[in-house]
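Worksheet: the structure to be examined is printed underneath.
Quick note: the coordinates plus some simple rules give every number you see, no bench work behind them. Remember, predicted model here, so these are calculated numbers, not experimental data. Neighbour counts run over all protein chains shown; Cβ positions are idealised from the backbone, glycine included.
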Amino acid sequence: MFNSKIIGLGKYLPDNVVTNADLEKIMDTSDAWIQERTGIKERRHIAKGSDDSTSLMGVKASKIAIERAGLTPQDIDLILFATLSPDYYFPGSGVLVQEALQIPECPAMDIRMQCSGFVYAVATADQFIKTGMYKNVLVIGSEYHSGGLDMTTRGRNISVIFGDGAGAVVMTRSENNETGILNSQLHSEGKHAKELSLIGPSTGRWVPEIMENNDPDDISYYPYMNGQFVFKNAVVRFSEVIMAGVKKAGWKPENIDMLIPHQANLRISQFVQKKFGLSDTQVYNNIQRYGNTTAASIPIALTEAWEEGKIKEGSKVVLAAFGSGFTWGSVSIQW
Ligand code: ACO
């Protein structure tokens, strides 16, 4: 049986920085409120007129990851693209990456698991590699949120949180079972699907229906979040799923060299850090600079931590996510 490991990482953030002070100018909010509740100071939004899109940001991050892996796009056997904000309703963004990278007929699969998307995608890549079906898998998380948020006071509880960006990793086959992806655990609980959701437009709420109703209070085409309920569930599920992976790996929480939590809210990360008694050097956070980039947040943070030399050979790394669905999961990696 093969094992899988990460051999290349890349990230891409749009240049356009939107600070809390910028948001104060367009909605009733404050830098103090946003920082106190979420830790966020600024985020990136794709600038109006920019060519960037969900797939293009993914392509830019992927090119870096592939080059750092010492491969060329033609070496990639499978693309997994995690996003909740695809370029089109269909087809998925993965095929657009396949075309942009000119990888002939390479299978490309979108993973629609929201904030847990990247963890689900890494677990999926791991399984395809372990069975021997594919050798080199490109795993992307990319989100273009800013175009679809309600940037008025009505949408402030959500729109201040989310940002745009992309991260990517290349995973490959390894014959060493002591290093690489040691375990992954994935969960969902659909009874809470509507607590963090975007209901329409969809097959449950087609565009003509929304237009016919012409109801100014119908905001079903904007994301909805029951913030406090999400927060309460997130801290429990993050803790459970990190512990499950750590135990399966034969580690203790204090052995973790780098925990990369999905950047949902700095308060959630701090809660988890405190619960496991981890120091600031054992947990990576960059939500202060990028906001919550959903499926992109873990690969962006993982890439940054690696670029800063905080993840190196021998590091015990845990990726953990919780999000809409609800869905949650973790991956334990011996680097
Ligand atoms: N600026 C100023 N005031 C605001 C803002 C804002 N941006 N947003 C909401 N408020 C106001 C509300 O209107 C409310 O006012 P009221 O008391 O007069 O009615 C007050 O602030 C408190 O609102 P709550 O929604 O109760 O605020 P809460 O303390 O729950 O914080 C938050 C909101 C930050 C979203 C929090 O619930 C949270 O972090 N939830 C976790 C969810 C999360 O992290 N989501 C990220 C995406 S999901 C994911 O990735 C898992």
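Structural remarks
- When the alpha carbon coordinates of the chain are projected onto the principal axes, the ranges are 59, 48, 37 Å, largest first.
- Taking the chain as a Gaussian network of alpha-carbon nodes connected by springs under 10 Å, the highest mean-square fluctuation of the residues Ser50, Ser269, Ser220 belongs to Ser50.
- Whole-number Å³ per residue for the convex hull built on Cα positions in region 3-174: 115
- For the chain, the Cβ-based charge dipole about the Cα centre amounts to some 1060 debye (Lys, Arg positive; Asp, Glu negative; other atoms uncharged).
- The listed peptides 78-88, 32-42, ordered by packing as a protection proxy, come out as 78-88, 32-42 (highest mean of other Cβ atoms within 10 Å first).
- Mean separation of Cα contacts under 8 Å, 6 or more apart, over the residue count of region 180-334: relative contact order %: 38
- The value of relative contact order for the chain, using C-alpha pairs under 8 Å at least six residues apart, is 26 percent.
- Qualifying GluC sites (Glu not before Pro) in region 234-335, where qualification requires a DSSP coil assignment and no more than 16 other C-beta atoms within 10 Å, comprise Glu308, Glu313.
- Relative contact order %, region 1-108, counting alpha carbon pairs below 8 Å whose residues are six or more apart: 29
- Projected label points at Ile199 and Glu178, each 7 Å from Cα along the beta carbon direction, are separated by 5.5 nanometres.
- Listed by number, the DSSP H helices of the chain that run 20 Å or longer by alpha-carbon position along their axis and have mean Kyte hydropathy of at least -0.5 are 54-68, 227-248.
- C-alpha center-to-center spacing [region 1-72, region 210-276] in angstrom: 18
- Between Lys191 and Thr281, the distance separating the two model label sites (each 7 Å from Cα on the Cα→Cβ line) works out to 4.4 nm.
- Taking 0.36 nm per residue of sequence separation and removing the Cα-Cα distance, the Lys232/Asn255 pair yields an extension gain of 5.7 nm.
- Potential extension, Ile219-Val17 segment - 0.36 nm per residue separation minus Cα distance: 70.1 nm
- Here's the picture: a label point sits 7 Å out from the Cα of Lys248 along the beta-carbon direction, and within region 161-198 the residues with their amide nitrogen under 15 Å of it are 180-188.
- With neighbour counts taken as other beta-carbon atoms within 10 Å, the residues Tyr134, Tyr224, Tyr144 rank, fewest first, as Tyr224, Tyr134, Tyr144.
- Gained length - Asn157 relative to Lys48, 0.36 nm times residue gap less alpha-carbon distance: 37.0 nm
- The chain - share of DSSP beta bridges that are antiparallel (%, nearest 5): 70
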